[in-house]
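Quick note: the coordinates plus some simple rules give every number you see, no bench work behind them. All values derive from a computational prediction rather than experimental measurement. Because the Cβ atoms are built from the backbone with ideal geometry, glycine has one as well, and the counts that use them run over all protein chains shown.
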Amino acid sequence: MTIVFIVVFLILWKWGFPVIVKMVNDRKEYIDGSLKKAREANEKLANIQKEGELLLQQAREKQSEILKEASATRDAIVEKAQEKARDEGARIVSDARTEIENEKQAAISEIRNQVAELSVQIAEKILREKLKGDKEQNELIDRLLDEVSSTDNNVK
């Protein structure tokens with residue numbers, strides 16, 4: 001039995017064990033390769049996650065920057081519009097004041113003309129009433145000539 005065991009052992013040693021060892025080594029290499037690939041996949045996944053987070057952070061920063069720029073642009077547009085409205089309002093008020101002053105001067109001028117015309121009409125009526133006769137007309141002419149003469153003497 002020992003001889004049979006040694007013969008079987010030698011046969012196995014020559015042809016069996018190398019095949020079994022080769023299969024075990026192949027299986028070990030396959031498992032090691034799978035573990036290596038799994039680690040690489042995990043590393044790639046971690047890298048992809050880091051890149052994704054980095055991209056997300058960059059997108060957030062860009063969004064923040066765009067929002068700041070939009071806010072600044074909006075503020076500038078609002079400020080320009082307010083300034084333009086103030087300028088336009090000031091111009092309108094100035095134009096209105098000028099127009100009011102022109103209309104006031106025109107009204108004053110028209111009132112003066114009307115007052116002068118009325119004064120002349122009233123004076124004419126009063127003079128006609130007082131100067132109905134030749135005697136009153138001559139007295140008025142003499143008196144006016146005396147006034148003119150005395151004014152000329154005072155001026156010289």
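Does Arg128 count as exposed (fewer than 10 other Cβ atoms within 10 Å of the Cβ) and part of a helix (DSSP H, G or I)? Taking the combined requirement at face value, the residue satisfies it.
To keep it simple, each residue is scored yes or no on (1) among the aliphatic types (A, V, I, L, M); (2) not in a helix (DSSP H, G or I).
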residue	(1), (2)
Val78	yes, no
Ile92	yes, no
Ala96	yes, no
Ile100	yes, no
Ala106	yes, no
Glu117	no, no
Lys132	no, yes
Glu139	no, no
Thr151	no, no
